1. I need the per residue convex hull volume for the range 1-126, using only the alpha carbons, in cubic angstrom as a whole number.
2. Rounded, prolate or oblate: which fits the range 73-165 when a ≥ b ≥ c are the square roots of the eigenvalues of the alpha-carbon gyration tensor, with rounded for a/c under 1.5 and prolate only if a/b beats b/c?
3. Would you please state which residues of the range 258-300 a label at Asp99 would reach in this model, taking the label point 7 Å out along Cα→Cβ and a backbone N cut-off of under 18 Å?
4. Grab the Cα-Cα distance for Lys190 and Lys146, subtract it from 0.36 nm times how many residues apart they are, and report the gain in nm with one decimal.
5. Extending each Cα 7 Å along its Cβ direction at Glu321 and Lys392, get the distance between those two points in nm, one decimal.
6. Loop only per DSSP, at most 11 neighbouring Cβ atoms within 10 Å: give me the chymotrypsin sites (Phe, Trp or Tyr not before Pro) in the range 23-74, ordered by residue number.
7. Based on the alpha carbons, how large is the Rg to Rh ratio for the chain when Rh follows Kirkwood?
8. Using alpha carbons only, how many degrees (0 to 90, rounded to 10) separate the axis of helix 190-207 from the longest principal axis of the chain?
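Every read-out reported here was derived from the displayed coordinates using simple, explicitly stated rules and does not represent laboratory data. If you're wondering where the values come from, they're calculated on a predicted model, not measured in any experiment. Backbone-built Cβ (ideal geometry, glycine too); neighbour counts: all protein chains shown.
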Amino acid sequence: MLFNEKMYELGSKRSVIRDLFEYGKEQSKIVGAENVFDFSIGNPTVEAPEIVNKTIVELTYKKSSMELHGYTSAQGDEETRQAIAMYLNKKYDTNFKSDNFYMTVGAAASLTICFNALTSSKEDEFIAIAPFFPEYKVFVEGAGAKLEVVSADEVNFQINFDELEKKINKNTKGIIINSPNNPSGAVYTKETIQKLSDLLMKKSNEFDTEIFIISDEPYREIVYDGVEVPYVTKYYKNTIVCYSYSKSLSLPGERIGYILVPDEVVESKKIYAAICGAGRSLGFVCAPSMFQKVLVKCVGKTGDIEIYKKNRDLLYQGLMELGYKCYKPQGAFYLFVKILGDDEEEFCKRAKELNLLVVGATGFGCPGWVRISYCVDEYMINRSFGAFKKLKESFE
Ligand code: PLP
């Protein structure tokens with residue numbers, strides 16, 4: 001075979017989300033952008049905080065080209081990792097050091113590196129909790145492991161623990177959690193994290209294995225009404241955090257994030273070395289130098305989250321008033337809505353005919369729901385209600 005068929009398949013099939021996004025752009029040319037309601041993609045619409053731009057300008061004047069754009073050490077600049085450790089320690093009362101961090105090109109890379117670093121046999125399994133970010137399957141399988149899925153708790157969007165307990169076995173390497181969640185917008189409570197920790201301790205003892213939590217948290221700061229997002233490393237020792245500034249600083253195209261391996265993780269130094277090795281083997285070399293330097297000044301800052309909250313309230317209230325069943329998100333920028341009728345494809349097709357672009361949740365492991373991304377402008381949400389009304393009526 002001339003090429004890798006699996007890679008060919010991945011590269012030639014666009015994701016449903018990307019497909020819709022491209023369709024929306026084409027459709028805008030035909031019917032006018034004001035008549036297309038594209039809720040497909042999670043591209044932050046809130047401006048990056050002012051300090052990001054200011055720091056970039058400052059750096060370009062103050063630093064030489066080599067200092068600013070040269071290679072950094074593979075794990076990232078010491079100053080950046082130190083700034084992140086200090087910020088987290090202050091905020092969460094933790095005890096991290098710069099050596100616990102490995103800088104990456106965003107959460108996708110953090111996850112890929114993590115799965116590659118941890119997978120030691122093709123029998124290894126990672127468990128995702130539905131609804132989940134569909135790329136987990138690509139990343140886990142790319143690392144040579146298997147992805148198992150626990151079906152969604154469709155009431156509170158926490159964890160279906162009975163099913164999780166049954167799915168854990170001697171090959172379970174890790175549980176992937178994502179809170180605030182894409183696509184449900186749910187935030188796992190302290191009780192959920194504590195219960196997960198207790199279960200994993202019990203199961204690790206039962207099978208005499210180590211089970212990791214891989215906590216994928218690019219939406220950590222995007223929460224509403226003061227809801228608390230428990231810091232998972234404080235509940236479970238074998239937690240590895242995969243973080244990204246794509247959403248909090250509205251920098252998805254700049255590709256910057258990190259992996260955190262706390263000292264409490266079993267054989268933490270060796271796991272950290274395996275993370276460095278996986279980064280090396282995947283050819284990452286180092287995270288973007290300029291944005292590592294930008295972070296020193298911008299760690300802990302966010303864009304204006306109130307804008308997302310306003311959109312959430314507007315969309316949630318509007319759709320509830322129209323008679324849709326919605327889960328009220330506490331974080332991220334997605335609204336999860338139950339389909340009308342019993343055919344998700346038909347629901348999405350009828351929505352598309354009205355130029356309402358929403359993503360069916362089968363790909364997120366939760367059939368019968370759709371994801372509506374509300375990192376869009378408020379004006380579009382207001383204009384979309386007519387189409388949502390027509391969609392509802394078409395099922396009556
Ligand atoms: N994990 C989740 C849950 C996401 O929603 C995303 C992006 O949308 C990612 C990971 C990847 O983020 P990044 O852009 O930092 O690679």
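1. Cα-based convex hull of the range 1-126, divided per residue, equals 263 Å³.
2. Oblate is the answer for the range 73-165, as a/c is 1.5 or above yet b/c matches or exceeds a/b.
3. 259-277
4. 13.0 nm
5. Simple spin-label model gives 1.0 nm for this pair.
6. Tyr71
7. 0.97
8. Computed tilt is about 60 degrees.
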